[in-house]
Amino acid sequence: MTHHRRRTTTGAAALVLTALVALTGCAGGAAGDDDDVTTGPTETVTVPPPTSTPGSSESPTPEPTETEVAAPLVSIPTDCTQIVDEATYAATFGEIPLNPENFPRRDGTARGARTASVPEAGAQPFQIVDAAAELDCYWRDPRADISGIGVVLGRLDQTTAASLLDQVAAAGATCEEAHGGQLCQQQVAVEQYPVEAADTWFVRGDFYIAVDQINVPTNDLIGSMLAHLES
């Protein structure tokens, strides 16, 4: 009887030992298998979107734009003899009488420095020039039949200046950029006299010059006036 109990105890112990070994083997295998180890909840990382498409070149840096240079201011004198330098005055007008009384303005008033007015809407070129004039000059010898030259200086708002240039261009004047502004000129036919005659208009900013000349040649009179009057 005693021998039988000893065998039973040994068999039970063997079974327990086998179970422990099996459990130990499973635990050891789990610990050594890195792919199945969970260390805890993973952290979510937010990746910002790329600022540019991969493979594309960066946007070119905008080139600086050219800065417009303001046109020089032009002073309008109160004396017709001061519109150009002395040498140009002598070469252009010489001894031709200035502002003779028997050749007044179209409205009958005296020439020279004057107070400008605002041209009416729809005014024709000569009306615009007359109304906005701050200095109206005319050189003509009373003994001459038609020879003479008139120069008017004044200021115009943008809309009126555009109207002036549009009208003279529509009437046949040739216009071009000159001296930083717009210059329009039209040849004028003089009946019974084979002489040169022309009307000229120049606008730059709010400043304008109007010249009408008959049988009095000039050499870049507009440029000479600007060079003398610019500040």
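Values quoted throughout were computed directly from the atomic coordinates according to the rules given, and no laboratory measurement underlies them. All figures in this text were calculated on a predicted structure; none of them were measured in a lab. Cβ sites come from the backbone with ideal geometry, for glycine too, and all protein chains shown count toward neighbours.
Some notes on this structure:
- Placing +1 on each Lys and Arg Cβ and -1 on each Asp and Glu Cβ, with no other charges, gives segment 68-179 a dipole about its Cα centre of roughly 320 debye.
- For segment 164-178, Karplus couplings with θ = phi - 60° (6.51, -1.76, 1.60), whole Hz, Gly/Pro x: 4, 5, 5, 5, 6, 5, 5, 7, x, 6, 8, 10, 7, 7, 7
- Computed extension gain for ALA169 through ASP141, at 0.36 nm per residue and net of the alpha carbon distance, reaches 7.0 nm.
- Cleavage-rule hits, GluC sites (Glu not before Pro), segment 102-189, DSSP coil, Cβ neighbours within 10 Å at most 13: GLU120
- Packing rank of 82-91, 147-156, where each peptide gets the mean count of other beta carbons within 10 Å, highest leading: 147-156, 82-91
- ILE96-PHE126 pseudo-label distance in nm [points 7 Å out on the Cα-to-Cβ vector]: 1.8 nm
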